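See structure below.
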Amino acid sequence: MKQLLIIALAVTGLSIAHAQDSSVKPSVAAPSTGVDAGKPSKEQRKAMHEELKDERNAVESACVEEAKAANCGDKIVGKGLLKCIHQHKKASADFKISDSCKEAMKNLKSERHKIKK
């Protein structure tokens, strides 16, 4: 009788342990997309792109003189203009970037930083 009781308890214990293990198994469902996954929606990405577009245009208009002096040609923000200006600044000790251009670059950088967060 004791052996039967011990076997019954062992089987019951195993079935309880198995039931607990099955509830801990990870889900095989596909990960969710969109806002739940921490990614912005299509509309949000479009709005962020428009905000950056405004900032890029501000940099291009504020830094037009620097672009001419650095001989950056037809480069635009996002396609080499800022890199060109900074390389010219490194190469030429007398090349100065205006305060308005610096401020526009700073604003663009902060907007990009906000979007990445």
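For the reader, a short list of remarks on this structure follows.
- Pairs over the 22 Å Cα-Cα cut-off, from the set K53/K106; K68/K114; K42/K114: K68/K114.
- Cα→Cβ-extended label distance, 7 Å offset, between V64 and H49, nm: 2.7
- By average C-beta atoms within 10 angstrom, highest first, the peptides 104-111, 41-48, 74-81: 104-111, 74-81, 41-48
- Evaluating kT/(6 pi eta Rh) at 25 °C and 0.890 mPa s, with the Kirkwood radius of region 40-117 over Cα pairs in the Stokes-Einstein relation, gives 186 µm² s⁻¹.
- Rough spin-label spacing in nm, given labels placed 7 Å along Cα→Cβ, for N57 and S100: 1.7
Bear in mind that the values in this text are calculations on the coordinates, not laboratory data. Note that the coordinates shown come from a computational prediction; the quantities given were computed from them, not determined experimentally. Positions of Cβ are generated from backbone atoms using ideal geometry, with glycine treated the same way; all protein chains shown enter the neighbour counts.
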